[in-house]
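Below is one structure; the comments refer to it alone.
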Amino acid sequence: MASTILRLPFEQPIYELEGRIERLERADNGTPEPEEETRRLRRELTDLTKQIYARLEPWQTVQVARHPDRPMTTDYLDLVFDEFIELHGDKFFGDDSAVRTGFGKIGQHNVLVIGHEKGKTPRERHLCNSGCAQPEGYRKAMSKMRLAAKFHMPIICLIDTPGANPGVGAEERGQAQVIAESMLLMSQLPVPIICVVIGEGGSGGALGFGVGDRIAILQHAYYSVISPEGCAGILWKSSAYAEHAAKALKITSHDLLELGAVDDIVEEPLGGAHRDHHQMAARLKMYLTKTLRELVDQPPEERLARRYDKFRRIGRFLENGVIRDANA
């Protein structure tokens, strides 16, 4: 599924080796020598891809998370869920295309699915505001969450946004308040909630759907209080320092797991999710099914208490040269 348009700079050796393999396959005349050379190059390609992706810098991880070929919410709705019936509108202002909500089925479980949608074509990206949700998107999601709780249905949130829409209209309609209300509601709902960062997890736009019993992140996604460019603009007065900001923010999956900000990392296919949508979807489905089985049998009171304690424990700080947990 590698893009023919966007080629990440650090992936150039991979593309060059893939080109050599493609040329060799086109010239193959059926003799053993080209076949053996092709097998050797494929083994070399696998080793090279492993080496490159094993040592990604934080800014390179951000680039992978934003790759236009990376599977989005719409892809997972098709590949992970057996059924999906979309629900629209917030019954107040309108329907936000940047947020998809609806009832789905995964294995034996009926669930509510909420996900950011960035869009794939220029027209879709314009309609979805590139995944930057409006207040009505969060109100729509909250309305459907309450419906899910009424019917005792677990909730699955797929997070993929650079941040909530910061425009004047969104602020006039209560963007900050509605995100806070969404977080409060999710902290109180008695049904199981699983949140997965599938691409970008930017700022309050991501956190508005990020309160749950399990917080997972795909291996090459990122989750951050602010985008690297936004952080660089504040600290260095220039987005040119985004690479430095990405390193300082500790936004990669392994950093977040170590800090306790996420519970699980869902491993991506070799070379990133953008290279194999089906394999990535199969891994995500396996994780969701396993986690649902663990959560659905918990008593609601116990589930809510664990959810509260979980978020109270998130974070570490430095005190007198010693790193301490937030709620130690």
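The relative contact order of the chain, computed from alpha carbon pairs under 8 Å that lie at least 6 residues apart in sequence, is 16 percent. The amide H of residue 155, built 1.01 Å from its N in the peptide plane, has 112, 193, 194 as neighbours under 5 Å, considering only residues 5 or more places off or on other chains.
Between the helical axis of 277-296 and the longest alpha-carbon principal axis of the chain there is an angle of about 30 degrees.
Hey, which of these cross-link pairs are over 21 Å Cα-Cα: 118/247; 105/144; 91/144; 247/285; 285/310; 91/150? Cα-Cα > 21 Å for 118/247; 247/285; 285/310; rest within. For region 92-184, what class follows from the C-alpha gyration tensor (a ≥ b ≥ c being the square roots of its eigenvalues): rounded when a/c is under 1.5, otherwise prolate if a/b is larger than b/c, else oblate? Oblate. This structure gives Cα extents along the principal axes in Å, computed directly, and of (i) 86, 51, 39; (ii) 71, 44, 37; (iii) 67, 51, 40 that value is listed as (iii).
Is region 182-315 rounded, prolate or oblate when judged by the Cα gyration tensor, a ≥ b ≥ c being the square roots of its eigenvalues, rounded requiring a/c under 1.5 and prolate requiring a/b larger than b/c?
Numbers: a/c = 2.50, a/b = 1.37, b/c = 1.83.
The shape class here is oblate.
Distant-in-sequence amide contacts of residue 99, defined by a placed amide H-H separation under 5 Å and a gap of 5 or more residues or a different chain, comprise 117. Relative to the longest principal axis of the Cα atoms of the chain, the long axis of helix 175-188 lies at roughly 80 degrees. For the pair region 121-193 / region 214-273, the C-alpha centres are spaced 21 Å from each other. Equivalent-ellipsoid semi-axes for region 244-289 (Cα gyration tensor, √(5λ), whole Å, largest first): 24, 15, 6. Only alpha carbons enter this Debye calculation for region 267-320, each as an equal point scatterer, and the log10 of I(q)/I(0) it gives at q = 0.19, 0.27, 0.31 Å⁻¹ is -0.80, -0.96, -1.10. Hydrodynamic estimate: the Kirkwood radius of region 1-151 over Cα pairs, inserted into Stokes-Einstein at 25 °C and 0.890 mPa s, corresponds to D of 130 µm²/s.
Bear in mind these aren't lab numbers, they're just calculated from the coordinates by the rules spelled out. Computed from a predicted structure; not experimentally measured.
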